[in-house]
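Trainee: I have a structure I would like to understand better, so I am pasting it below and will then ask my questions one at a time.
Taken together, the values in this text are just the output of simple stated rules run on the coordinates, not laboratory data. The shown structure was predicted, so the numbers you read here are calculated from the model rather than taken from an experiment. All Cβ positions, glycine included, derive from the backbone under ideal geometry; neighbour counts span all protein chains shown.
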Amino acid sequence: MTYATVMVSLALDQPNEARLQVAGELAERFEAALIGVAAARFAPPLYFADGAAAQSLIDQEEASIKTRLADLEAQFRAATQNRGGRAEWRSAMDFPARFVLAQARCADIIVSGGHSPAFSDAFALASPKDLVMQAGRPLLVVPDRINWLDLRSVLVAWKDTPESRRAVAAALPMMRKARNVAVVEIPEQGDDRSAMVAGVTDVAAWLARHGITATARVPDIAGREATAMRLERIAGDVGAGLIVAGAYGHSRFRELILGGVTEYLVTQSSRCVLLSH
């Protein structure tokens, strides 16, 4: 398995440099085609207008969106002009998530920026939450502060769910390039730790059959420390530049209301994260 087509989702009025850099590196490493995608729509104002005034406002805003989409294309072209391989641009006046999800049919992996819990504009931004839930493709979330794709050490945040299994399979090409891979499952109160050890050992053995040497680890059950914080600490200990995880192991409703590991992984700003649902 490899990545033949990498898709990068860009956003209006947001930093795009990090995701462009990582998507370009990913395409180069796997000799993949690179497709840039972006979309936006005019957000209706909260006040009412009618007649010529309303149409004038709509025309102005749509012209502004077209200009900013053209600026994004220019940024994409500039970021890819010195890279080998084929680069393609796609954009539209549409809801960003809807447009990106439609284009995902031609990609092996989608690269997106991180997501601030305080900002979500469906008219200008394709949220990584929507993309990972609906794209049917793995999503690589790139925090804005990242300036390269560090694959020297990879942490697999394992949980014995279909989402985790799909995520690990999707990350195989990246893990083959890593020096160190650690498969870690964080136990909670009431978990059967011996069963978890058997599970991560199986995953490490499966990776070995794919030519990837991995260690298996289940830390002791802690007190009140949150799973996300324990995961962050272990990622720091192993120097992970990439975390691989299944997305929304519980219902999405529970994740959105209560937070959780997926919410943390999407919003953290230290490491790239490969998610699959």
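Trainee: How large is log10 I(q)/I(0) at q = 0.24, 0.26, 0.27 Å⁻¹ when the Debye formula is applied to the Cα atoms of segment 209-250, each weighted equally and without solvent?
Mentor: Computed log10 I(q)/I(0) values: -1.11, -1.19, -1.22.
Trainee: Report, to one decimal in Å, the Kirkwood hydrodynamic radius for the chain based on all distinct Cα pairs.
Mentor: Over the chain, the inverse of the mean reciprocal pair distance is 19.7 Å.
Trainee: Taking DSSP loops as anything outside H, G, I, E and B, show the longest stretch in the chain free of chymotrypsin sites (Phe, Trp or Tyr not before Pro) there with at most 13 other beta carbons within 10 Å.
Mentor: Looking at the chain, 149-277 is the longest stretch - no exposed chymotrypsin sites (Phe, Trp or Tyr not before Pro) with at most 13 other Cβ atoms within 10 Å.
Trainee: Not counting the cut sites, what is the longest span of the chain without trypsin sites (Lys or Arg not before Pro) that DSSP labels loop and that have at most 16 other Cβ atoms within 10 Å?
Mentor: 1-82
Trainee: Can you tell me the FRET efficiency between E188 and R233 if r is taken as the Cβ-Cβ distance and R0 is 22 Å, rounded to the nearest 0.05?
Mentor: Step by step, r from the Cβ atoms, then E = 0.90.
Trainee: Which one, N82, N16, N147, has the greatest fluctuation when you compute a Gaussian network model over the chain with C-alpha springs under 10 angstrom?
Mentor: Comparing N82, N16, N147 in the GNM, the peak value goes to N82.
Trainee: Using a basic spin-label model with each label point 7 Å from the Cα along Cα→Cβ, how many nm lie between A208 and A78?
Mentor: Modelled inter-label distance: 5.0 nm.
Trainee: Reported to two decimal places, what Rg/Rh ratio describes segment 5-142 when computed on Cα atoms with Rh from the Kirkwood expression?
Mentor: 1.01
Trainee: So how far apart, in nm, are the two label points at E31 and E88 if each is 7 Å from Cα heading toward Cβ?
Mentor: 1.9
Trainee: Computed over the Cα atoms of segment 138-277, what is the convex hull's projected area averaged over all directions, in nm²?
Mentor: 7.9
Trainee: For helix 17-29, report the angle its Cα long axis makes with the longest principal axis of the Cα atoms of the chain; keep it between 0 and 90° and round to the nearest 10°.
Mentor: Rounded to the nearest ten degrees, it is 60.
Trainee: With a/c under 1.5 counting as rounded, go ahead and sort segment 69-132 into rounded, prolate or oblate using the C-alpha gyration tensor (a ≥ b ≥ c being the square roots of the eigenvalues; past the cut-off, prolate if a/b is larger than b/c, else oblate).
Mentor: prolate
Trainee: What does the convex hull of the alpha-carbon atoms of segment 163-240 project to on average, in nm²?
Mentor: Its average projected convex-hull area is 5.3 nm².
Trainee: Compute the label zone of F123 within segment 13-42: residues whose backbone N is under 16 Å from the point 7 Å along Cα-to-Cβ.
Mentor: Residues passing the 16 Å test: 13-14, 39-42.
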